[in-house]
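S.K.: Before we start, here is the structure in question, set down as structure tokens.
The values are calculated or read from the model by the stated rules, or taken from the named source; none is laboratory data. Bear in mind the structure is a predicted one, so any value in this text is a computation, not a measurement. Virtual Cβ from ideal backbone geometry, glycine too; neighbours counted across all protein chains shown. Accessible surface areas use protein heavy atoms only, side chains included; no ligands, DNA or RNA. Shrake-Rupley method; radii C 1.70, N 1.55, O 1.52, S 1.80 Å.
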Amino acid sequence: YAGAQTFEITPTTGYTFSSQFDITGGTGKLEGGVNWGLSAGYTPNEFMEFEISYNYFGTDARASSVYLVEDEVTKANLHFLMGGVNMLFPASEKVTFFGGLKIGAASLLFKDSPNVDRTRFSLGFQAGMRYYVSERIGFRLQGTLLLPIVSEGGSLWWNPNTGTNVSGWSPIVPVSMNAGLIIRLQQ
């Protein structure tokens, strides 16, 4: 079923592990949690796939510093819009392993907070496997590493009118494990 010239849509969900980064006098952290996304892939031959994807991760952002009386916690959303290429390694008609590189944009948006929203260039690596149960339906398991997605840290300050703010640079590197349902639209 790993035929050539196919178009696939894959809704995914999984878990993104927590990411920690340095801030003045302490650490900032994005808590781990559930993510979801959607990818569309075009396979011109059995060894290569072009893919675009959108992923969303809602979490708590936590700032811990000796300069704060208590931890500052706010809701944050990470959005990733990326495109890339996967190399395909067919093991059988039903099983295909893959590894790939993707580039795009990542946005860190804060809910109900004076913290500044940020959008940055991102680079990602992914690897996994696909198992096709029929010519049109399959399952996908993958791990993804994003480098550096959004940078934060460097200095932390507090203002009674605006709350806690963060600036500077320190990489946030989300790592996630995902599973998805492959829906093949043409063959």
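S.K.: Bin width 5 Å, origin at 0, all Cα-Cα pairs of the range 52-132: what percent of pairs per bin?
M.R.: P(r) over the range 52-132, rounded to whole percents: 3, 13, 16, 15, 14, 11, 10, 8, 5, 3, 1, 0.
S.K.: Under a Cβ-Cβ cut-off of 13 Å, what is the net charge of the residues other than GLN5 that fall near it, where Lys and Arg count +1 and Asp and Glu count -1?
M.R.: -2
S.K.: Follow-up question, since we're still on this one. From largest accessible area down, sort PHE97, PHE121; use a 1.4 Å probe on the protein chains.
M.R.: Values: PHE97 95, PHE121 140 Å².
Final ranking, largest accessible area leading: PHE121, PHE97.
S.K.: Let me ask another. May I ask you to give the percent of accessible area on the range 1-100 that is carbon plus sulfur, with a probe radius of 1.4 Å?
M.R.: Working: 3040 of 4900 Å².
Heavy-atom surface of the range 1-100 belonging to carbon and sulfur, 1.4 Å probe: 62 percent.
S.K.: Still on this structure, please answer the following. Quick one: how many Å² of LEU101 are accessible to a 1.4 Å probe, rounded to 10?
M.R.: About 90 Å², ignoring ligands and nucleic acids.
S.K.: Of LEU147, LEU185, which has the most accessible area with a 1.4 Å probe, and how do the rest follow in descending order?
M.R.: Working: LEU147 55, LEU185 100 Å².
Ranked list, largest accessible area first: LEU185, LEU147.
S.K.: What does the charge dipole of the range 1-138 about its Cα centre add up to, to the nearest 20 debye, if the Cβ of each Lys and Arg holds +1 and the Cβ of each Asp and Glu holds -1? Walk me through the intermediate numbers first.
M.R.: Working: 10 positive and 14 negative charges, 25 e Å.
Computed charge dipole of the range 1-138: roughly 120 debye.
S.K.: Right, another one. So how long is each side of the range 1-142 along the principal axes, counting just the alpha-carbon atoms, biggest first, in Å?
M.R.: 59, 23, 23
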